[in-house]
Amino acid sequence: MAVTTRLAWLHEKTLQNHFGGKRLSLLYKGSVHGFCSGDLLDRCYNQGPTLTVIYGEHRIIGAYAEKSYQERKAASIILFALQETKISQWELGLCTPERLFCHDNVKYNSTTNFQIELRNRKVIMGSKTTEDLGLVQNCTISIQDCEVFRCEDLLDERKIKGVTELRKSLLSALRTYEPYGSLVPQIRILLLGPVGAGKSSFFNSVRSVFQGHVTHQALVGTNRTGKYRTYFIRDGKDGQYLPFILCDSLGLGEKEGGLCRDDIFYILNGNIRDRYQFNPMESIKLSHHDYIDSPSLKDRIHCVAFVFDVNSIEHFSSQMIEKIRRLRRELINAGVVHVALLTHVDSMDLITKGDLIEIDRCVPLRSKLEEVQRKLGFALSDISVVSNYSSEWELDPVKDVLILSALRRMLWAADDFLEDLPLEKQGIKER
């Protein structure tokens with residue numbers, strides 16, 4: 001049976017970030033391996049930097065060793081106290097592991113000011129140490145449990161290799177993708193969402209991945225031109241157009257302003273040409289030169305991606321929530337498939353690049369996905385998360401994997417739309 005930590009996710013992330021963005025790998029747990037300093041040291045010698053966590057009745061304290069514990073050799077020790085997401089620390093200085101863990105009956109020394117007595121299940125510290133750690137004046141803490149972690153790089157060589165291989169696989173799959181039944185030459189994906197959600201940034205990010213360097217073709221912020229744009233993307237490898245088109249429009253407004261409801265359905269039906277200048281006060285006139293009278297299947301939108309800033313979901317007004325829910329109902333009635341895309345996930349508190357590799361295990365992200373499901377009605381399987389390129393100069397394989405995975409999910413949804421079309425609209429005659 002796997003040994004698991006007692007640390008809550010929030011506490012673990014706080015410690016990870018405070019001590020250099022490290023991944024914590026459990027080496028020793030007192031309640032499982034026994035409260036014996038010899039057993040602890042046998043498991044923790046020569047393991048690289050380690051983090052010892054002591055669970056008291058009302059507090060969590062511990063010690064961070066910047067280098068490996070080695071027998072009879074002093075290491076630099078940093079003591080800490082953790083309360084919610086706040087950490088206070090105090091530098092103990094050089095100390096041997098035997099003295100720190102009271103091994104071989106090494107007695108408490110007032111000059112050391114700190115000692116962990118596992119056999120007696122208590123921590124002894126001087127009043128000065130207690131004060132510097134922001135604790136109440138109690139120089140002895142009863143140990144409920146003790147854990148020691150090896151501190152590893154969040155992205156070790158094995159994980160980096162896995163991400164790189166996945167990126168390569170996704171690029172290959174998207175480059176060779178063919179729409180269902182070859183019914184259309186390219187899939188059209190409409191990016192829809194509130195102003196500033198990251199629609200244009202997502203297009204720029206997709207283009208950057210395939211160009212091999214960060215680009216900013218689309219203006220970012222509020223669709224400053226006010227135009228409908230259909231973006232074709234070339235593969236930087238051979239210059240061929242890729243089998244998908246990303247379509248950008250005005251953002252959704254709270255009440256008045258923003259993209260008109262009727263214009264949305266004209267876009268879905270393929271009635272609006274590229275570079276049409278939107279009028280937030282009224283929809284396109286049928287007599288307008290950018291209105292297409294008889295669009296074909298290739299002109300239609302095959303998938304809608306609702307784009308939301310992950311940090312704004314909790315602040316959506318009731319009007320915005322109702323607008324999105326109503327629009328989803330109308331899309332469902334019209335047979336238009338749609339997914340959700342959450343942007344800016346890297347800006348969430350305590351989120352690290354390592355979390356972006358293991359989305360399913362990231363508690364705050366999981367909570368955001370569930371909030372989108374609860375408020376807006378999207379299935380969890382229809383929600384993707386991305387970290388768009390904004391101020392970066394170089395591509396990042398972790399970001400690329402999220403971007404490409406989201407795009408692949410949109411293409412799968414578009415295939416579902418094409419497959420579900422009536423046979424006559426697919427150009428197939430029933431026998």
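The helices (runs of 4 or more DSSP H) found entirely in region 117-215 that carry 1 or more residues being modelled with pLDDT under 95, open to solvent by less than 60 Å² (accessible area, probe 1.4 Å) and closer than 30 Å to Lys323 by Cα are 199-211.
Quick check: anything in region 346-365 open to solvent by 10 Å² or more (accessible area, probe 1.4 Å) and at pLDDT 90 or above? Looking for residues that are open to solvent by 10 Å² or more (accessible area, probe 1.4 Å) and at pLDDT 90 or above, one finds none in region 346-365, hence no.
The set of residues in region 372-391 being surrounded by 15 or more Cβ atoms within 10 Å (Cβ to Cβ), without any contact (Cβ under 8 Å) to a residue 40 or more places away in the chain and hydrophobic (A, V, I, L, M, F, W, C) is empty.
Among the strands (runs of 3 or more DSSP E) lying completely within region 54-98, list those that include at least 2 residues that are under 22 Å from Asp145 (Cα atoms) and either open to solvent by 70 Å² or more (accessible area, probe 1.4 Å) or in the same structural domain as Gly20 (by the TED database) (or both).
Where strands (runs of 3 or more DSSP E) fall fully within region 54-98 and carry at least 2 residues being under 22 Å from Asp145 (Cα atoms) and either open to solvent by 70 Å² or more (accessible area, probe 1.4 Å) or in the same structural domain as Gly20 (by the TED database) (or both), they are 60-65, 86-95.
Any residue that is touching a residue at least 60 places away in the same chain (Cβ under 8 Å), β-branched (Val, Ile, Thr) and within 15 Å of Phe114 (Cα to Cα) - is there at least one of those in region 59-69? Yes - at least one qualifying residue is present in region 59-69.
If we scan region 322-329, do we find a residue that is touching a residue at least 12 places away in the same chain (Cβ under 8 Å) and not in a helix (DSSP H, G or I)?
no
The single condition from (1) open to solvent by 50 Å² or more (accessible area, probe 1.4 Å); (2) in contact with a Lys or Arg (Cβ under 9 Å, 6 or more places away or on another chain); (3) touching a residue at least 40 places away in the same chain (Cβ under 8 Å) that Thr14 fails is (1).
Taking region 294-316 as the range and being touching a residue at least 12 places away in the same chain (Cβ under 8 Å), open to solvent by 40 Å² or more (accessible area, probe 1.4 Å) and over 20 Å from Pro422 (Cβ atoms) as the test, the residues that pass are Asn311, Glu314.
Could you grab me the full set of residues in region 26-43 that are in a strand (DSSP E or B) and open to solvent by 30 Å² or more (accessible area, probe 1.4 Å)?
Of region 26-43, the ones in a strand (DSSP E or B) are 26-29.
Residue satisfying the conditions is Leu26 alone.
Would you mind stating whether Thr4 is of a type in the set (Ser, Thr, Tyr), open to solvent by less than 60 Å² (accessible area, probe 1.4 Å) and in the same structural domain as Lys128 (by the TED database)? Before the answer, list the steps.
Values: of a type in the set (Ser, Thr, Tyr): yes; open to solvent by less than 60 Å² (accessible area, probe 1.4 Å): no; in the same structural domain as Lys128 (by the TED database): yes.
For Thr4, the condition - of a type in the set (Ser, Thr, Tyr), open to solvent by less than 60 Å² (accessible area, probe 1.4 Å) and in the same structural domain as Lys128 (by the TED database) - is not met.
Given the criteria buried (at least 21 other Cβ atoms within 10 Å of the Cβ), more than 25 Å from Val385 (Cβ to Cβ) and not polar (S, T, N, Q), does Ile272 qualify? The answer is yes for Ile272.
From Leu369, Leu395, grab the single residue that is open to solvent by 30 Å² or more (accessible area, probe 1.4 Å) and among the aliphatic types (A, V, I, L, M). Of the residues listed, the single one that is open to solvent by 30 Å² or more (accessible area, probe 1.4 Å) and among the aliphatic types (A, V, I, L, M) is Leu395. Pairs meeting the criteria (first residue in region 37-55 and under 16 Å from Ile116 (Cβ atoms), second residue β-branched (Val, Ile, Thr) and assigned to a loop (DSSP other than H, G, I, E, B), beta carbons under 6 Å, at least 6 apart or on different chains) are Ile54/Ile143.
The values are calculated or read from the model by the stated rules, or taken from the named source; none is laboratory data. From a predicted model like this one, the values you see are computed outputs, not experimental measurements. Every residue, glycine among them, receives a Cβ derived from its backbone with ideal geometry; neighbour counts consider all protein chains shown. Just the protein is used for accessible areas: all its heavy atoms, side chains included, with ligands, DNA and RNA removed. Shrake-Rupley method; radii C 1.70, N 1.55, O 1.52, S 1.80 Å.
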